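Have a look at the structure below, then the notes.
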């Protein structure tokens, strides 16, 4: 659920997100496709006063698809919203633990991104230790704040910013240092972790990037796929976003496994994102390609095998 200039912009976003979700599920080894639902809130008038009505309309659409699409929490929605959707259709995952679901997926997304940061640092610096590493992070939402705190607990130094200045107190109380969000990409750091909305890495911004490792939670981090080549030419190791941020959908997929949801099994599978990236980095080196190319080839192989 997000605000767009018009419905065409919302449709374009849905198509980009569904493409990424297809690759994300395939690389993660989930028995899921890549459907993505977008609720368009118009930019030219205030959001609907009856949020519940909007969610019920969306639920009707989900139910009409008869299980071919499964709704789950994402940007702009919450576990509470999923309860509203579930009042209409059974095709919902990520409901609260009280209702038998896996609850808020953000801790698992953050855990997976941290595993990606570790894998990237291991490849570039030769060690999995984050102690003393500086991570510049932009976007302190549910995932970004959890990631920042996890990195701090692991011994990293975190400088971070968000357009919402109210996040500053929580960051600083955890031991992080606040910076303006538009400075995060240019800040001297070992790792840049984009955790806000997409498109942050473009031909115009890659030249300003200071960190040799990029791993974050944001979707669609590249303004276009050609930016992967620009990053590689600069010697920057990019963890493909649809690999690094797959923790949430991995957690949802565990709900569908025989025996029901198990948070321990979910955490184990999410930590495997680090090993998946190590394999992707190896494949990229072996064929002289970017991690994006290697990750997409892995996804295509798995999609072909499934079909």
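Every read-out reported here was derived from the displayed coordinates using simple, explicitly stated rules and does not represent laboratory data. Nothing here was measured: the structure is a model prediction, and the numbers come from that model. Every residue, glycine as well, gets a Cβ built from its backbone with ideal geometry; the counts of neighbours run over all protein chains shown.
As a proxy for reagent exposure, 231, 11 were ordered by neighbouring Cβ count within 10 angstrom, fewest first; the result is 11, 231. Seen from every direction in turn and averaged, the convex hull around the alpha carbons of the stretch 91-152 projects onto 5.5 nm².
In plain terms, if you count all Cα to Cα distances in the chain and split them into 10 Å steps from zero, the share in each step is 6, 27, 36, 24, 7, 0 percent. Restricting the calculation to Cα atoms, the stretch 124-274 yields a radius of gyration followed by a Dmax of 15.8, 49 Å. Extension gain for residue 275-residue 128 works out to 51.7 nm (0.36 nm per residue, less the C-alpha to C-alpha distance). Panel values: the stretch 2-99, Kirkwood radius from alpha carbon pairs, Stokes-Einstein at 37 °C and 0.692 mPa s, translational diffusion coefficient 230 µm²/s.
Normalised by the number of residues in the chain, the average gap of Cα pairs under 8 Å and 6 or more apart makes the relative contact order 18 percent. Placing a label point 7 Å from the Cα of residue 262 along the Cα-to-Cβ direction, the residues of the stretch 101-136 with a backbone N closer than 17 Å are 101-102. Among 184, 295, 154, the largest mean-square fluctuation in a Gaussian network model of the chain, built with springs joining Cα atoms closer than 10 Å, belongs to 154. Result for the chain in a Gaussian network model with C-alpha springs under 10 Å: among 249, 280, 39, the largest mean-square fluctuation is at 39. Each 10 Å bin, from zero up to the one with the longest distance, holds this percent of the alpha carbon pairs of the stretch 51-203: 11, 33, 27, 20, 9, 0. Each peptide in 67-75, 118-126, 257-265 gets a packing score, the mean of other Cβ atoms within 10 Å over its residues, and the list from highest to lowest is 118-126, 67-75, 257-265.
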